[in-house]
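Below you'll find the structure, written out as structure tokens, and then a few comments.
The values are calculated or read from the model by the stated rules, or taken from the named source; none is laboratory data. In this text, all values refer to a predicted model and were calculated from it rather than measured experimentally. Note: ideal-geometry Cβ built from the backbone for every residue, glycine included; neighbour counts use all protein chains shown.
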Amino acid sequence: MPNLLRIAALLLLSASAAVHATPASRVHVDAVAAAIADRYFDPERGKRIADDLRRDAATGAYDALQAQALADALTARLRPLDRHFRVRWSAPGDAARPPAPRRTPRTSSPNGIVEIDVLPGDIGYLRLDGFAHFEPDDTDAPARVAIDAALATLSGTGVNVIDLRGNRGGSPSMVGYLASAFVEPDADVYNAFHTRTDTFSEAPLHPYAHPRTRVPVYVLIDGGTASAAEAFTYTLQSARRATVIGERSAGAANPGGEVDVGAGFRVFVSDGTPVNPITRTNWEGSGVAPDVAVAASDALDEALQRARRSP
């Protein structure tokens, strides 16, 4: 009889534990929320976002979701709050989806340069699908050498077209350096990035040696133009050094990096936000508005027509 009572008690304890066990999804949401609270560039807003996530989880909103569906749901929940927010999940031991490196371009071409050409009408054309990284003090870095060669090709042309359609971004060092090729030396036009503890500028340590401050510049954008590509566009547009043509950009201004929060989950958290010295704001959420709004597929033709009419 005592054994039967002992077994019955154990069964009751097990049932009680099952009733009160925290669903796995809530544990994962809490880990994501903690990373946001700890690292988001605006501590007060980061805490509010984290508290809201935990409140959602406490209602059971995510209880039925498996890992990948949970990652997708959290991304959808967070993305409207900051366009860089992203939650990823990979199965334990899955080497096919490594953590995304911090502030690096997602590019299919070496150094981000897809095409460099001189088109009829003395028009220099440069297409980039990423802003490749180099250390600001490394004047011999492959990415810097490559962009120097591209700019040398453009140097004899009368109009420049910079095509950033579909460019998802990359490194602020390349943004500042490329922008310096089109503005006056020491011009106060570069974005300053504010973190919880520091401020740094996109102004290049070693700017381009032969800036072309008078040549007309057209920058092509679309909804896939994001992050560092938007920073470059916004800088030249705010400085009135470029005419922007195409569709409104993605609106992802705040840089950051991925945080591993365990169990295969990673969350991209923005740890900085840019402020332009001319506009005193940035393009987060709103995107860069084109000066000439046309379908992305028509942007190059529009730029070429305008370039050929330039005096």
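Please specify each residue of segment 269-311 satisfying the condition of being over 27 Å from Ile123 (Cβ atoms) and hydroxyl-bearing (Ser, Thr, Tyr).
Ser270, Thr273, Thr279, Thr281, Ser286, listed by residue number.
Does segment 203-214 contain at least one residue that is in contact (Cβ under 8 Å) with a residue 40 or more places away in the chain, in contact with a Pro (Cβ under 9 Å, 6 or more places away or on another chain), surrounded by 22 or more Cβ atoms within 10 Å (Cβ to Cβ) and not hydrophobic (A, V, I, L, M, F, W, C)?
No, every residue in segment 203-214 fails to be in contact (Cβ under 8 Å) with a residue 40 or more places away in the chain, in contact with a Pro (Cβ under 9 Å, 6 or more places away or on another chain), surrounded by 22 or more Cβ atoms within 10 Å (Cβ to Cβ) and not hydrophobic (A, V, I, L, M, F, W, C).
State whether the residues of segment 18-38 include one that is at pLDDT below 95, surrounded by 10 or more Cβ atoms within 10 Å (Cβ to Cβ) and farther than 30 Å from Arg79 by Cα.
Within segment 18-38, none of the residues are at pLDDT below 95, surrounded by 10 or more Cβ atoms within 10 Å (Cβ to Cβ) and farther than 30 Å from Arg79 by Cα.
Evaluate segment 150-166: report whether one residue or more is farther than 19 Å from Ala299 by Cβ, free of Cβ contacts under 8 Å to residues at least 12 places away in the same chain and in contact with a Lys or Arg (Cβ under 8 Å, 6 or more places away or on another chain).
Scanning segment 150-166 turns up no residue that is farther than 19 Å from Ala299 by Cβ, free of Cβ contacts under 8 Å to residues at least 12 places away in the same chain and in contact with a Lys or Arg (Cβ under 8 Å, 6 or more places away or on another chain).
Where in segment 233-308 are there strands (runs of 3 or more DSSP E), lying wholly inside it, with at least 1 residues that are aliphatic (A, V, I, L, M) and crowded, with 23+ Cβ neighbours inside 10 Å? Give the derivation first.
Working: elements: 243-246, 256-262, 265-270, 273-275.
Correct list: 243-246, 265-270.
Can you find even one residue in segment 268-290 that is modelled with pLDDT of 95 or more, over 18 Å from Gly166 (Cβ atoms) and aromatic (Phe, Trp, Tyr)?
yes
Looking at (1) of a type outside the set (Phe, Trp, Tyr); (2) within 21 Å of Arg86 (Cβ to Cβ); (3) in a loop (DSSP other than H, G, I, E, B), which one does Ala229 not meet, given that it meets all the others?
(3)
Are there any pairs with C-beta distances below 9 angstrom linking a residue in segment 181-197 that is over 29 Å from Ala149 (Cβ atoms) and surrounded by fewer than 22 Cβ atoms within 10 Å (Cβ to Cβ) to a residue that is β-branched (Val, Ile, Thr) and at pLDDT below 95, with the two at least 6 apart or on different chains, and if so which?
As it stands, the answer is none, since no pair meets every condition given.
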